[in-house]
Amino acid sequence: GGGGGGGGSHGHHQQHQAASPHRSSSHSSKPMGKWDAVVIPTMCVGWLKGRQGGMIKEIEARSGAVIDIDQSTKDQGHCTVNMHGDEEAKRKAYGFVVAEMLKVADQPSSNMDCSAIGTKLSLTIDAKFIGWVKGPKGKVVQDITTRSNTRVDVDQANVQHGLAVVNIYGTHENVGYAKELIAHEINKVSPEAAAEINSTPSPFVPGGSSFSSHQSQGSFREDSGSQSALQIPASYVGWLKGRQGQMIREIEQRSGATVEIDQSTKDLGHCTVIIRGPEDQKKKAYGFVVAEVMKVSDQSGVPLDGDVGTKLEISIDEKFVGWVKGPKGKVVQDITSRSSTRIDVDQKNAGFGQAIINIFGTHEGVAAAKDFIAFEISKVSPEAAAEITGTLVSGPQRGREASGTSLTQHVGSGGGGFGGSPGQHDSLPIPASYVGWIKGKQGAMIREIESRSGAVVDIDQSSKDSGMVTVNFRGGEEEKRKAFGLVVAEAIKVSDQGGAQGASYDYAPYGTKAEIQLESKYVGWVKGPRGKVIQDISTRSSTRVDMDQSNPDFAVVKIYGTYDGVQNAKELVAHELSKVSPEAAAEITGGSFSESFSPPSMQGSQPPQMGSSFGGSSPDLSSLTSALASVLGGGGGDPSLSGQQAAAAQLTQNFLQQLSSVAPNLVGSDFASRLR
């Protein structure tokens, strides 16, 4: 898909200009991250944008990042694609952009060399496997591209000869992962054909694979950059697969990784579980597999290597079971998903007022699950929760230390920062008088922050007599970072209002407040229908965004949060404004959006091009509005319309009149005059 980026009358220098990983940005004072930007030839901009910006919008939707193209250097033969958002969103967007550049470079008329940032891999398969790779309505190949952040094209030009070629474009790591996903699908019908694909040399990764970081521990080993493996007894295979492969599919769904079992060594008494995917997905899947293996080991009475995992039993009062399980088991399911463990609640001794919680998993996973369970019980009995956190985890602890990234970072390892180092988002000190605001009515705000971030948030008030308390965050680093930002935002909001009970709070080490003055006519673009746009901005930037409309002439957007969060929110606000007024957006960002976010020009009155795939586009508003004008017949209305239809048409006309006054470039000039 996508617009034509390979043609045009470009100079010889541009024909040889290659996409480059070297970074450049209008925000020169801010250190550039690994996925922040990529330099591309000017000739590729049209292809990357797609018709009416369709491809850029599609990449943004699939990655969660915001993308703009800085064309200030286009006369030099290159432009810069900038990615905005959290690291994971930027990584995905970077992969998709690189994939499209590799596609352009693969065109017959192109002389581009993109080997520095990615590669193309061609896999020849039997034509009978095409359906397995593409899936019904192309869903399987779409899922492969989404999971691997690549572009995958299936060339069926030689299908009459019984062959097809699968072309994969993307970064070296992502292409290797996509290859393994394709082999995984074909393995369902032909292990031999899958083995041939796996034997195809994976792309060389400059500097090593980013997917590989863990060293082997016990029976766990790394086989390749994007593949991990765990050796298990052959007798465990049936349990791990589940009925008709149900358990394997569930582990894949919950982790995002692919899992298969190599049984070629079953006669030797053991098999190998192979896990493929990015590092975070492999870690989750590994945890779930270990949890099930430890469950089988516990039932069989045959102990496994203690380095692999452990089992922990927690005895609780029967009255707390409901708090641990939650309505319809949702709480315990959430705990198992966050900690990558298996948790069984044994209520056989309920008649004696006791229940046993059995936790199976890796050492770090079990420890995290224990903390989550204690947190749930602390809501009704801090004393019972304290008994749990004092429980020792059975087995050696070196398995947790070796991983280097514990699922639960405890208070004291850092605090209050806004970088990405482990421990920097574990805790935040706030005035004791702010607790009521942060908690919200009946704990509503804390629950909302937990829901939006994925972290667990609790407030340690043991030091409230000193005037300060500590907000603690538990979970993965990304979840803690989001929760930290949301709490900082609320604390700064309280401080901005004059504090609570006269308490002062120096929030400068943690964050800031920014104000953006808007013309009232742009308020709707920033807020969106039912406030959905502004909610999305606050969620993506981990900030609080308020709209002050007390002045009839203008509105003020107030942003509270960490420094990075506030900057990100400003860029997202500018991005929304750029859809109707690049000039207003430029005032917010200092000019960085003035060119890159210009709305696409409307081409006459072409019919709207609907679709969501790459190369799709948004409807042409001038065509839609012209059609409406014809229906309304110059304001008199169409007598054939029902009362409801006429009312809806009139409301639509009123809306478009407002739209034409705010953004005439989105509404055809002919129709704008007819509206008036």
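The values are calculated or read from the model by the stated rules, or taken from the named source; none is laboratory data. On a predicted model such as this, the values are computed, not experimentally measured, just so you know. Using ideal geometry, Cβ is built from the backbone for each residue, glycine included, and neighbour counts are taken over all protein chains shown. Just so you know, the surface numbers come from the protein's heavy atoms only, side chains and all, with ligands and any DNA or RNA stripped out. Shrake-Rupley method; radii C 1.70, N 1.55, O 1.52, S 1.80 Å.
I'd like to compare 471-477, 34-40, 487-493, 342-348: which one has the highest average count of other Cβ atoms within 10 Å, and what's the full order after that? It would help to have the intermediate numbers written out before the result.
Details: 471-477: 23.0, 34-40: 21.3, 487-493: 24.7, 342-348: 15.3.
Going from most to least packed, we get 487-493, 471-477, 34-40, 342-348.
Tell me the Kirkwood radius of segment 442-552: reciprocal of the mean inverse pair distance over distinct alpha-carbon atoms, in Å. Write out the running numbers ahead of the final one.
Numbers: mean 1/r = 0.0637 Å⁻¹.
Across segment 442-552, the inverse of the average 1/r is 15.7 Å.
Under 12 Å from a label point 7 Å along Cα→Cβ of D280: give me every residue in segment 235-269 with its amide N that close.
256
For K379 and K241, calculate 0.36 nm times their separation in residues minus their Cα-Cα distance, and state this gained length in nm to one decimal.
On the way: separation 138, 0.36 × 138 = 49.68 nm, distance 3.73 nm.
Here the answer is 46.0 nm.
What share of Cα pairs, in percent, lie more than 24 angstrom apart in segment 242-391?
Numbers: 3999 of 11175 pairs.
So the portion of pairs separated by more than 24 Å is 36 percent.
On a C-alpha basis, how far is the centre of segment 236-306 from the centre of segment 34-86 in Å? Whole number, if you could?
First find each Cα centre; the distance between them is then 40 Å.
Give the distance, in whole Å, between the Cα centre of segment 429-458 and the Cα centre of segment 505-538.
Cα centroid of segment 429-458 versus Cα centroid of segment 505-538: 20 Å apart.
Would you mind computing Rg(Cα) / (2.2 N^0.38 Å) for segment 280-355, counting N as its residues? Working shown, then result.
Working: Rg = 14.0 Å, N = 76, 2.2 N^0.38 = 11.4 Å.
That works out to 1.23 for segment 280-355.
Which entries in the list K34/K284; K284/K348; K103/K579; K179/K570 go over 32 Å, if you measure between the two C-alpha atoms of each? Write out the running numbers ahead of the final one.
Numbers: K34/K284 24 Å; K284/K348 30 Å; K103/K579 28 Å; K179/K570 39 Å.
Table pairs above 32 Å Cα-Cα are K179/K570.
For segment 127-167, with equal point scatterers placed on the C-alpha atoms only and solvent neglected, what are the log10 I(q)/I(0) values from the Debye formula at q = 0.27, 0.29, 0.31 1/Å, to two decimals?
Debye output, listed in q order: -0.92, -1.00, -1.06.
Determine one quarter of the surface area of the Cα convex hull of segment 107-147, which equals its mean projected area, and express it in nm² to one decimal.
Working: hull surface 17.8 nm².
Mean projected area for segment 107-147: 4.5 nm², to one decimal.
How much of the accessible area of segment 509-550, in percent, comes from carbon and sulfur atoms when a 1.4 Å probe is used? All intermediate terms of the calculation are to be shown ahead of the outcome.
Numbers: 970 of 2220 Å².
Carbon and sulfur atoms account for 44 percent of the accessible area of segment 509-550.
If you rank R91, R276 by how much accessible surface each has, with a 1.4 Å probe, what is the order from largest down?
Working: R91 45, R276 15 Å².
Largest accessible area first, the residues go R91, R276.
Taking the Cβ of A234 as the centre, find all other residues whose Cβ is under 10 Å away and add up their charges (Lys, Arg: +1; Asp, Glu: -1). Write down the numbers at each step before the final one.
Working: positive: K266; negative: D267.
Here the charged neighbours net out to 0.
Enter the Cα centre distance for the pair segment 308-332 and segment 125-170, rounded to the nearest angstrom.
A separation of 44 Å, based on Cα centres.
With each pseudo-label sitting 7 Å past Cα toward Cβ, what's the I130-E192 distance in nm, one decimal?
2.2
How much accessible surface area, in Å² rounded to 10, belongs to the heavy atoms of R540 with a 1.4 Å probe?
Approximately 80 Å² of R540 is accessible to the 1.4 Å probe.
Taking every alpha carbon pair in segment 63-200, what does the distance histogram look like in 10 angstrom bins from 0, in percent?
Pairs per bin, as whole percents: 12, 37, 32, 14, 4, 0.
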